[in-house]
1. Being closer than 23 Å to PRO9 by Cβ and open to solvent by 60 Å² or more (accessible area, probe 1.4 Å) is the requirement here; does CYS23 meet it?
2. Residue check: is VAL10 open to solvent by 100 Å² or more (accessible area, probe 1.4 Å) and β-branched (Val, Ile, Thr)?
3. Failed condition for ALA17, given (1) touching a residue at least 24 places away in the same chain (Cβ under 8 Å); (2) more than 16 Å from VAL81 (Cβ to Cβ); (3) of a type in the set (Gly, Ala, Ser), with all others met?
4. Within the range 44-87, can you find the residues that are under 20 Å from PRO9 (Cα atoms) and open to solvent by less than 90 Å² (accessible area, probe 1.4 Å)?
5. Name the helices (runs of 4 or more DSSP H) wholly inside the range 1-83 in which the number of residues that are touching a Lys or Arg at 6+ places or on another chain (Cβ under 9 Å) is 2 or more.
6. Answer yes or no as to whether GLU32 is open to solvent by less than 70 Å² (accessible area, probe 1.4 Å) and closer than 12 Å to ARG82 by Cα.
7. Pairs under 6 Å by beta carbon, first residue farther than 25 Å from CYS23 by Cβ in the range 58-87, partner of a type in the set (D, E, K, R) and surrounded by fewer than 17 Cβ atoms within 10 Å (Cβ to Cβ), six or more apart or different chains?
8. Please go through (1) open to solvent by less than 100 Å² (accessible area, probe 1.4 Å); (2) within 16 Å of the chain's Cα centre (by Cα); (3) free of Cβ contacts under 8 Å to residues at least 40 places away in the same chain for ARG40 and return the number of the only condition it doesn't satisfy.
Amino acid sequence: MTASHLLVPVPIPDRVAALIGSCIPPHIVEAEFDAECAAREVRRFRGPRLCAEDQADREQALAELARTNKILAAHHPRLPVRPGSSW
């Protein structure tokens, strides 16, 4: 048994990624990309004191992440992206 946190991410060749991507509906691939971008944006706005503009941007990113995660979860329950996850 291996722990998932001990696994090292291995790069996937472009041809394999294209094959995997062709098996997944386009709206799911787009939602996954948008979720990753939103999670990165949420992580960017961390800190004890954020100005009102940064707080609004963080809330916008959280809303986008929630919207895309809803689409991903409808396709498969393990697809949603969390802001703190590494991959």
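1. The answer is yes for CYS23.
2. Working: open to solvent by 100 Å² or more (accessible area, probe 1.4 Å): yes; β-branched (Val, Ile, Thr): yes.
So VAL10 passes the test.
3. Failed condition: (1).
4. Of everything in the range 44-87, those that are under 20 Å from PRO9 (Cα atoms) and open to solvent by less than 90 Å² (accessible area, probe 1.4 Å) turn out to be LEU79, PRO80, VAL81, PRO83, GLY84, SER85.
5. Because the criterion is at least 2 residues that are touching a Lys or Arg at 6+ places or on another chain (Cβ under 9 Å), the helices (runs of 4 or more DSSP H) in the range 1-83 that meet it are 26-44, 52-75.
6. No, not satisfied.
7. PRO83/ARG43
8. (1)
The values are calculated or read from the model by the stated rules, or taken from the named source; none is laboratory data. This structure is a prediction, so every number in the text was calculated from the model and none was measured. Cβ: placed from backbone, ideal geometry, glycine included. Neighbour counts: every protein chain shown. What goes into the accessible areas is simple: the full protein's heavy atoms, side chains included, and nothing from ligands, DNA or RNA. Shrake-Rupley method; radii C 1.70, N 1.55, O 1.52, S 1.80 Å.
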